[in-house]
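The next block holds one structure in the form of structure tokens; read it before the comments.
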Amino acid sequence: MFNFDSKSSAAADTSANDMSQLLALAARLSPISELNEANRLTICKSATVINMNRSTDIAANKEHRWFTYVLEGQVDVVNSKDKDDGESIASGADRANQPVLKEFTQHLAIKTKTTAQLVRFGRELFDILLNEQQKNATKVHDIRVSENDNLIFDSIVSAFEEKSISLPCQADIGQRIASLVSQGTMGIPELSRILASDPALTAHTLHEANKLASGGETTQTMRGAITRLGVESANQLGVKIPSEQKWQAANPVIEKHMANYQKRATLTAAICKVFAKSLPHLSDERAHLIGLMADAGELMILGHANNHPEQFADAEALHTSARNLREIVGMWLLSAWGFNENFIEAVESARDFYRNHTGEISYADLVTAALLTIESEMPEEENKSIPSVVNLLLPRKLQQAGIDLQNPKQILQEAAMELKELHQLLN
């Protein structure tokens, strides 16, 4: 039916016919069909296809992150505790339009007597897309993309397909981190701060930890990641990743943009940590990591733009591509790498400055507040795209918690103290 690789691979195949067939299928599947056409295209681009044979069993308790459907052939859902509680699902039948699994207990498994092909769609990405669709049911987002945007996006799609995703580390900090970590004399608190000092190193480390997640529990702190990986393995990653993912800008425009990105990411993380200390229901360590990862999509965009320096010799062209793509690429990346929904929500919502702020203050709210603070004092571009805090609802809500966004200098001073401690540790 679909001309995908036999291994699990991104569904954004080079064949337009394959994608059109997958989109047609998605329009029939429940609950994927609840997404509008644009969102179905987004989730189809990150879908994965699995080939099963007679020797392949898929445990239900490891499938909780996906909606999984029968694409070709037939599978059996078996219950090891109750042999009568099972069913067969064949492609083409009405039942095949429903997810194969309705429960995710350790007693259930998917099996096949011959061969079968399954397709998976990410649950977290589906929830994000559906929630946004419902919130903006009467709102249309019109983003005009350029040839440069398509060049970067196609390159990123290929990286997902080939499982060659990588994020570049800052060269100088990477060297210092590797040097400190290789000494092997730090405790977990110090090691966690070191590993969380660079966006790329943080992303790669949490990704490795999330691979070991059981029961759907993904880590939201660097200490949790180190505990799951083990101190020795975490130390090895701290040396390996900066060595393998060294950043070298191909032209001055890309170099400057990367420097601005790194400065913004680390400062956003520090500000989020400062804010969270005033909010008992939020963790300052989680807030730091979520702030650091909020623009992870931009880091990936810069890495791929660097492969085409002749197309990005103009600063505005690079800024435009980053603005257009960083949210969708960031959501795709963090979802694929098993990040918790708090991280994905921050990527998706942080720059929706005019959104309603109901319920408790969230991590995404902290990222929004951090971006507002940074832009008010250190705008990156002449044409500022971030509004004044006096025109927004969030600052009023934060004011009630003792956080005054109209005093950005004080906030930046407190964040600077956080960064000073880190710099002392790195040196």
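The values are calculated or read from the model by the stated rules, or taken from the named source; none is laboratory data. Source: prediction; values computed, not measured. Glycine also receives a Cβ, built like all others from the backbone with ideal geometry; neighbour counts cover every protein chain displayed. Accessible surface is based on the protein model in full, side chains and every heavy atom, while ligands, DNA and RNA are left aside. Shrake-Rupley method; radii C 1.70, N 1.55, O 1.52, S 1.80 Å.
Within the stretch 158-168, the residues that satisfy the criterion of being in contact with a Leu (Cβ under 9 Å, 6 or more places away or on another chain) and either modelled with pLDDT of 90 or more or open to solvent by 30 Å² or more (accessible area, probe 1.4 Å) (or both) are ILE165, LEU167, PRO168. Does the stretch 370-391 include one or more residues that are farther than 27 Å from ILE156 by Cβ and modelled with pLDDT of 90 or more? So far as the stretch 370-391 goes, yes, one or more of its residues are farther than 27 Å from ILE156 by Cβ and modelled with pLDDT of 90 or more.
For the stretch 24-70, a residue qualifies if it is more than 26 Å from GLU348 (Cα to Cα), surrounded by fewer than 21 Cβ atoms within 10 Å (Cβ to Cβ) and either touching a Leu at 6+ places or on another chain (Cβ under 7 Å) or of a type in the set (Phe, Trp, Tyr) (or both), and the qualifying residues are ILE50, MET52.
Of the residues making up the stretch 293-317, those that are part of a helix (DSSP H, G or I) and closer than 14 Å to MET331 by Cα are MET293, ALA296, GLY297, GLU298, LEU299, MET300, ILE301.
One residue stands out among those in the stretch 397-407 that are closer than 28 Å to GLN220 by Cα and more than 28 Å from the chain's Cα centre (by Cα): the one that is most open to solvent (accessible area, probe 1.4 Å), which is GLN400. The number of residues in the stretch 243-270 that are among the small types (Gly, Ala, Ser) and over 23 Å from ALA196 (Cβ atoms) comes to 2.
The set of residues in the stretch 370-387 that are of a type outside the set (A, V, I, L, M, F, W, C) and surrounded by 14 or more Cβ atoms within 10 Å (Cβ to Cβ) comprises THR373, GLU375, SER376, GLU380. Applying the criterion of at least 3 residues that are within 26 Å of ALA336 (Cβ to Cβ) and in contact (Cβ under 8 Å) with a residue 60 or more places away in the chain to the strands (runs of 3 or more DSSP E) found wholly in the stretch 31-116 leaves 48-52.
Conditions (1) farther than 23 Å from ARG286 by Cα; (2) surrounded by fewer than 22 Cβ atoms within 10 Å (Cβ to Cβ), marked per residue:
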residue	(1), (2)
THR221	no, yes
ALA234	no, no
VAL239	yes, yes
PRO242	no, no
PRO252	yes, yes
LYS256	yes, yes
THR268	no, no
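Here the condition is being out of contact with any strand residue (DSSP E or B) (no Cβ under 9 Å at 6 or more places or on another chain) and more than 16 Å from LEU267 (Cα to Cα); of PRO395, PRO408, it holds for PRO395 alone. Scanning the stretch 171-183 for residues that are more than 25 Å from ALA259 (Cβ to Cβ) and either among the hydroxyl-bearing types (Ser, Thr, Tyr) or touching an Asp or Glu at 6+ places or on another chain (Cβ under 8 Å) (or both) yields a single hit, SER182. Looking at PHE104, PHE67, just one residue is within 30 Å of GLU327 (Cα to Cα) and out of contact with any Cys (no Cβ under 9 Å at 6 or more places or on another chain), and that residue is PHE67. Of the residues in the stretch 390-411, not one is aliphatic (A, V, I, L, M) and within 28 Å of ALA315 (Cα to Cα). Out of the residues in the stretch 169-213 meeting the condition of being within 23 Å of the chain's Cα centre (by Cα) and free of Cβ contacts under 8 Å to residues at least 24 places away in the same chain, tell me which one is most open to solvent (accessible area, probe 1.4 Å). Applying the filter and picking the extreme gives LEU212. Restricting the search to the stretch 127-157, which residues are surrounded by 20 or more Cβ atoms within 10 Å (Cβ to Cβ) and at pLDDT 90 or above? Within the stretch 127-157, ILE152, ILE156 meet the criteria.
Name every residue in the stretch 71-87 that is out of contact with any Lys or Arg (no Cβ under 9 Å at 6 or more places or on another chain) and either open to solvent by 30 Å² or more (accessible area, probe 1.4 Å) or not aliphatic (A, V, I, L, M) (or both), in order of residue number. Matches in the stretch 71-87: GLU72, GLY73, ASN79, SER80, LYS81, ASP82, LYS83, ASP84, ASP85, GLY86.
Looking at ARG323, ARG286, ARG351, ARG355, just one residue is open to solvent by less than 40 Å² (accessible area, probe 1.4 Å) and either modelled with pLDDT under 95 or not polar (S, T, N, Q) (or both), and that residue is ARG355. Candidates ILE328, ILE344, ILE361: the one that is part of a loop (DSSP other than H, G, I, E, B) and β-branched (Val, Ile, Thr) is ILE361.
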